[in-house]
Every structure is written in structure tokens, then in C-alpha cells.
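Here is the structure we will look at, set down as C-alpha cells.
Computed from the coordinates by the stated procedures, all read-outs in this text should not be read as laboratory data. None of the values given here were measured: they were computed from a predicted structure. Cβ: placed from backbone, ideal geometry, glycine included. Neighbour counts: every protein chain shown.
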Amino acid sequence: MKVIDRSDLDALIEELIASDPRDVVGVQEDGEQYVFDHLESADELTLDYDLTALSPKKYVMPQRETLLTYDRTDDEYEMRAEADPTGHIVVGVHPYDLAAIEHLDKIFIDTLQDEPYRRKRENSVLIGVTMQDVADNCFAASMGTATVDSGYDLMVTDLGDTFAVDIGTFEGDRLLESTKTRNATAEEIERVAEIEADLKDGFDRELAFPPAELPTLLEASYDDMDFWEDYAEQCLSCGTCNVVCPTCFCFSVDMVRDLDGDSGRQERRWDGCLLEDFATVAQGENFREEVAQRHRHRFMRKGWYIYERYGDVACVGCGRCTRHCVADVADPCEVYNELREAQHA
Amino acid sequence: MRSAARTHFEHGESEYQPIEGQIVWIDRHTDDDKLFVIDLPDGVSLDHDPGQFVQLFVPGVGEAPFSIASSPTKEGPFELCIRAVGNVTNAIHDLEAGDVVGIRGPYGQGFDIDAIAGQDLLFIAGGIGLAPLRSVINYALDRPAEFGDLTTLYGCTEPAEQLFPGELDEWADSDVMDYRETVDEVPDSQEWDGDTGVITSLIPPLEFDPETTVALVCGPPVMYRFVIKALREKGLADDRIYLSLERNMHCGRGLCGHCQLNELYVCLDGPVFHYPTVRDKEEAEV
Ligand SMILES: Cc1cc2nc3c(=O)[nH]c(=O)nc-3n(C[C@H](O)[C@H](O)[C@H](O)COP(=O)(O)OP(=O)(O)OC[C@H]3O[C@@H](n4cnc5c(N)ncnc54)[C@H](O)[C@@H]3O)c2cc1C
Ligand code: SF4
Ligand code: SF4
Ligand code: FES
């Protein structure tokens, strides 16, 4: 572990803004909320925040991106798969969001080899920060994502005048090359461990059981339609819970035609399983017609289905869905706890 | 950064790169259905398993999944039978021989030939469901020695809805396969001297040995439950039934989430499923 002065960390970020070809983005205040956005200078960066509106997933899987372009010359069409390789230097990522990106890596790179995702991901740098503030709705500690020991290039922890820096990758190490750092003392290393340990007590929300029990619990709750209907009654099928989630990655693919009529592109954009027509096929058959079925699907997918295929629970406990759901029925922590209670009643 | 060395990723072409397919022949089957014969560059074969599907891309319009209607035993161009029901499918119907489309795939799991080898095959198709089944029907007709008795049941809403009209006549005359057909109803304007009634009405009179028969079923969503019930009544065990299912698909390769059926992905784990795999899945609706 290294230690860097606060001013030297600022200088490093200024240096990256000035000389790295990639866009440097970081957490900033934006009115009432925090967001990841382009940094003009290190002053704009806030490392002490609770939760950003959207997660940094948007840098590896943007809301819209081109998968394919086509062009007509004479009578020939040329069709070209596209994979925008634009990486970002992302500063200030909380551990649960790092865990979410690791989860997406497993699916988009290791398993299904999605070229647009892979290129952006491999060209990106993630600088994590140990949480200093916890959002009301966050239950990352219960999901084991309040701290992480991988998924970052650098991980910084605020120690007052200095930051402890944990180097996660070779690229992270290289970033520090021209910056003044020193090795951490035993006390400093101890201090980081204490901060991480104390964090666990800072969460108001808690899953009442280990997340590893989720698949079994959900499987047993599948047919409890009264529960799902009751819960979904208020749901507006707006899909916001999907859109703000750092582990949701469903998309639809649409055609965008250029005005000349001869060229255009196929784009993928974020989609959500809560939206009414997500599972509708031509001629109207909808395989998840009831809002309760869609609501149930979201929780089943997060806690059970994805686990079956990839070995991860697909919720990192960030609390964004809870915060943004106007009907207040999107909270996985509450739903899972209530299901557990119903099972044991 | 995530080092490429940590993955097994092949730095090759993107999975989203379609190859160019040229439509070389179009045959109208009904008012809404046409057969498209598609040639790949340099005459290469698609090299698919019967029951697999492709994603077909029409520049300027969009992309949609279609089961491959021809058997891999037939070399050269492959065939798709497409019903015009919406945006992409109507645009495909407007294409002409010589036009170029994009092809991705073949994708998904087709019929498990190893599992059905040596068995008597009972094909049950409803409407456009004949398209995926035709790939395996023709496979069996081309390699009769690999299978036992062959039987095909085909049901449509009305006579004018029948696909592959010429081929159906050949099947009806065939010594190799027992072919039976029905229509739900016969409008006054159409002629028909065969059976009428829903497809399930063809099952009770059939004589087959449930110990050596495998049923391969594809049709509209409502059909499966009734057909399976009729097959069970004939003593056919669940593990002797295979189904090809349709769902909304955007990527064809396990990412977009649209085709999910409980924990299964129809594009990866299907579209052909062994019935016991989906029997207890509520979202399979079978
Ligand atoms: C594995 C598989 C095999 C198929 N095989 C055949 C075949 O052999 N012959 C045939 O005629 N049809 C087949 N279909 C159905 C065919 O894919 C749909 O009819 C087609 O997608 C409809 O598209 P459209 O744009 O014409 O319809 P529209 O109603 O205009 O579709 C618009 C939108 O509806 C959604 N949509 C509706 N149904 C589907 C669907 N099934 N897949 C994807 N998106 C859908 C999409 O969001 C699409 O953008 C198959 C479908 C699947 C999944
Ligand atoms: S749970 Fe909430 S955020 Fe999600 S679709 Fe329903 S109303 Fe919208
Ligand atoms: S389901 Fe909700 S709490 Fe869990 S990762 Fe997604 S947005 Fe965060
Ligand atoms: S079609 Fe996209 S996941 Fe199956």
C-alpha cells in the first residue's frame, strides 16, 4: 500500500486531465444529487459522497451505442459491426459499483464476448474510493460489496491530509509513476483496515440473512402470487429500477436511419424487464403480461436466475432502485427480508 | 484497465458482424408467407443443426430471428420461411431475388440428433411452426436409415394457409413418411377434401409405439399444452417430447434478456427444448 498527499492526488488528476487522451470523469455535485461526469479540473471532484444517480456502468455500456452501421454505394450494401473503443478514466467509484462492473465483465467479456463492451472496458481505468458516507437505502455491507479487494486499478482511502492507495493492476501502478508516493506505514495500513471495518456499522439497511441463501429462498417463493401481486400493486411499470441499476444490462436493438436513406446504424439502448412489452412477440402474445409477473421476474433474476448461470447474486445493494422508485416498491432488501419472514412464519 | 490476458477472448471479428447473404430465389406460399433461399459468399454452407435459427438483418429496417427451414443435409443456399406480421417481416417480403441481407448465426440449440437417432419420429407442426420442423423432417427424409418410422402431422387454420404446398403433396405420396394434415375450418371460397379439426384431433387415431417414438413439436403458443396432453394420453413419456419455442429476441446470444423464460434463455438454451427441461417453468406456458 502507498500513501499520497492530498495535493499530490489532485495534481495527478490534473495531470491526467491535461495529458491523457481519455476523458477523465468523476463524482460531482449536481444540484441535489451526485453524478459521474466529465471533470474540468480536480476541484470539481467529490470523493466524499453517498450515492450517484447513475453508476459508472454508463461508461462501459452507454445508454445508446452503435452495434452496426450500413452504407449503400450503388447497389451494394456494406454492413460493419462497430465497437466504440472509447475508454474513460473514472475517479471515485464506490466498491459496490466496482463489484457491479466485475459482474458485468464476467458476463460481457469472459462468457459472451461482447466486443463493444470489451473494448471500452479494457481501455478504461477505474479509481475506486473507500466509502465515507452511506446512502439511506444502501445495503452493500449485507451483499459483501461495502469493500472489495479487486475490480479497481487504484483504490484510495481518505486518511485526512493523505490518501492510502492500494494498487490493483499494472496500469494502476503506471499511473502513479510520475507522482510522489511513499510506502504506507504499519499504522496507516491498520487505519485503512479500521475504516473498512467501521464502515460495516454505518448501514441502516440490512439483509436479515446471508445473500447466498437467496436462490433457495426465491425458488421457494416463486409461486407465492399473493405476495407478488400485493407488492406490485403500486408499481407503475416505469422501468426506472432497471435503468438506475448497476447490474441490469438488458437492452433492445433499434434501427436508426440517416436522412440520406442510404446509410444508418443499429443501436442498442438500455431496456428494462419491468416495461410492459419487454417479452411481447409479434402478433401480441406477451409472455409476462401481468405487472406482478414482471416484478417477480426482476427479483428472481437478481437473486436466483443470474446466480444459476454465473454464480453471482446480481444485486450489489447500492440502493439506487429504492431511491428512485416513486411507488416505493423496488427495494430488494425489503422484498427479500419480507419473503424470508413469510417463509419462516 | 482490465487486461486482455485475463480472458480467453479471441481478438477476432465482432460477434455482431453479419455476413452477407444474397437472396437467390423467392417462392410465395400463402398471402402472408414466402420462402427465401439465401446464398452465402463463396457458396459456403451455413453449417447449422436442424432447429437452429439465424438473425436476419435488413439494412434500413431491422433485424429478426428466423428458424432455418432447410436441412443441413442440403448443401449450398439455406432457406427461411417468413410470415409477414410486422415491420421487419413486411420489409423482407418486399425484397427481391438479388437483394442482400445480413445474416448472423446460426444460433441456439437445435434438435438433439444423437438423442433421437434410431427412434421413430413424430413431427407435429401448427401453422408457421412447420418452418423449424421442416429442417429436421428433411434431415430425416435424407437419412432414413438413421431413424425408424417417420410421421408428420400438420395443422393450419384454413387450406390457404398451408406452407410448402408442393412439398406437402410429395410427403403425402411418400412411402418413407406417413403424412397427415388438417385445417381448423374451410371458408366457402376454398376447397378441401381432407380432415378438418384442430391438430390434436390427428393424434388419437395414430398408431405408434410410445416406447420407440419421439415427438418433435412446434406451433403457436396455445398449441403446446393440448398436443402434449394428447401425446401423454397415447402413453408417450415426457422425456420423449421436444419443443421449439418462440420468444422476443433482440441479440440472439444471451445478453439482451428479452427471450428469458424463467432462468433459461431461449436463444442460448433453446429454441429447441427437451420437454422435461421446460415442463415445470411457468413462463414456458407448455
Ligand atoms: C427462434 C425464433 C424462430 C423464428 N422463426 C420464424 C420463422 O421461421 N418464420 C417466421 O415467419 N417467423 C419466425 N419467428 C418469428 C419472427 O422472429 C417474428 O415474426 C419477427 O421478429 C417479427 O418482427 P417484425 O418486425 O416483422 O414484427 P413487429 O411486430 O413489427 O416487431 C416489432 C418489434 O416487436 C418485437 N418482436 C415481436 N416479436 C418478436 C420476436 N419473435 N422476436 C423478436 N422481436 C420481436 C421486437 O421488439 C420488434 O422490434 C421466429 C422467432 C424466433 C424467436
Ligand atoms: S418497481 Fe418502481 S421503479 Fe420499478 S417499474 Fe415499478 S414503479 Fe417503476
Ligand atoms: S437491484 Fe437495486 S440495490 Fe440492487 S444493485 Fe440494482 S439498483 Fe442497486
Ligand atoms: S435474444 Fe437476447 S438474450 Fe436471448
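Quantify how strongly other chains surround peptide B:16-29 by giving the mean number of their Cβ atoms within 10 Å of each of its Cβ atoms.
That average works out to 2.
In chain A, the DSSP-assigned H stretches of four residues or longer account for a calculated mean residue ellipticity at 222 nm of -9000 deg cm²/dmol, using -39500 (n - 2.57) per stretch and the full residue count as denominator. Evaluated over the Cα positions of the range B:31-80, the convex hull gives a direction-averaged projected area, one quarter of its surface, of 4.1 nm².
Largest first, the three principal axis extents of the alpha carbons in the range B:212-262 are 39, 22, 17 Å in whole numbers. Inter-label distance, B:Arg225 to B:Asp239: 2.6 nm, where each label sits 7 Å from its Cα along the C-beta direction.
Give me the tail of P(r) for the range A:211-343 as a percent: Cα-Cα pairs with distance above 18 Å.
Of all Cα-Cα distances in the range A:211-343, 58 percent exceed 18 Å.
Nearest-5 percent of antiparallel DSSP beta bridges in the range B:113-284?
Details: 5 of 29 bridges.
Taking every DSSP beta bridge within the range B:113-284, about 15 percent pair in antiparallel fashion.
By the Cα gyration tensor, the range B:19-106 has an equivalent ellipsoid whose semi-axes, rounded to whole angstrom, run 19, 14, 13 from largest to smallest.
Counting Cβ atoms of other protein chains within 10 Å of each Cβ in B:264-273 and taking the mean gives 1. At full extension, A:Asp37 and A:Glu338 could sit 104.7 nm farther apart than now, given 0.36 nm per residue minus the alpha carbon distance.
A full extension of the chain between A:Gln63 and A:Arg191 corresponds to an added length of 42.2 nm, given 0.36 nm per residue minus the alpha carbon distance.
Could you work out the helix-only [θ] at 222 nm for chain B, with each DSSP H run of four or more residues adding -39,500 (n - 2.57) and the total divided by the number of residues, to the nearest 500 deg cm²/dmol? Write down the numbers at each step before the final one.
Numbers: 7 runs with 52 residues, N = 286.
Counting only the DSSP helices, I get -4500 deg cm²/dmol.
Cβ-to-Cβ counts within 10 Å put B:Trp171, B:Trp25 in ascending order as B:Trp25, B:Trp171, the fewest first. Measuring spread by the Cα atoms of the range B:41-169 yields a radius of gyration and Dmax of 15.4, 47 Å. Quick check on the protein assembly as shown: take the gyration tensor over C-alpha atoms, sort the square-rooted eigenvalues as a ≥ b ≥ c, and tell me if it's rounded (a/c under 1.5), prolate or oblate. Verdict is prolate for the protein assembly as shown.
Determine the shape class of the range A:1-107: with a ≥ b ≥ c the square roots of the Cα gyration tensor eigenvalues, call it rounded for a/c under 1.5, and otherwise prolate if a/b is greater than b/c, oblate otherwise. Verdict is prolate for the range A:1-107. The Cys residues in chain A with no partner Cys Cβ within less than 4.7 Å of their Cβ are A:Cys138, A:Cys235, A:Cys238, A:Cys250, A:Cys273, A:Cys315, A:Cys318, A:Cys325, A:Cys333.
Across chain B, Cα-Cα pairs farther apart than 37 Å form 13% of the total.
The length gained on full extension between B:Thr277 and B:Ala172, counted as 0.36 nm times the residue separation minus their Cα-Cα distance, comes to 34.5 nm. Bridges between two residues of the protein assembly as shown, per DSSP, are antiparallel at a rate of about 65%. Neighbours of A:Tyr49, meaning other residues whose beta-carbon lies under 9 angstrom from its beta-carbon, give a summed charge of -4 when Lys and Arg score +1 and Asp and Glu score -1.
Placing R0 at 25 angstrom, the Cβ-Cβ distance between A:Asp110 and A:Arg257 gives a FRET efficiency of 0.10 after rounding to 0.05. Extending 7 Å from the Cα toward the beta-carbon at both A:Arg309 and B:Asp39 defines two label points whose distance is 3.8 nm.
With a Förster radius of 41 Å applied to the beta-carbon distance between A:Thr179 and A:Asp75, the computed FRET efficiency rounds to 0.10.
For chain A, the antiparallel share of DSSP beta bridges with both residues in that region comes to about 75%.
Taking the number of Cβ atoms within 10 Å of each Cβ as an exposure proxy, the fewest-first ranking of A:Glu190, B:Glu246 is A:Glu190, B:Glu246.
Counting only alpha carbon atoms, the long axis of helix B:130-142 and the longest principal axis of chain B meet at about 80°. When the square roots of the Cα gyration tensor eigenvalues are ordered a ≥ b ≥ c, the ratio a/c for chain A is 1.5 or more and a/b does not exceed b/c, which makes its shape oblate. The alpha carbons of the range B:168-286 give a radius of gyration and a Dmax of 16.8, 48 Å, in that order.
When Cβ neighbours within 10 Å are restricted to other protein chains, what is their mean count per residue of peptide A:74-81?
On the way: counts 0, 3, 2, 9, 3, 11, 4, 8.
Neighbouring Cβ atoms belonging to other protein chains average 5 per residue here.
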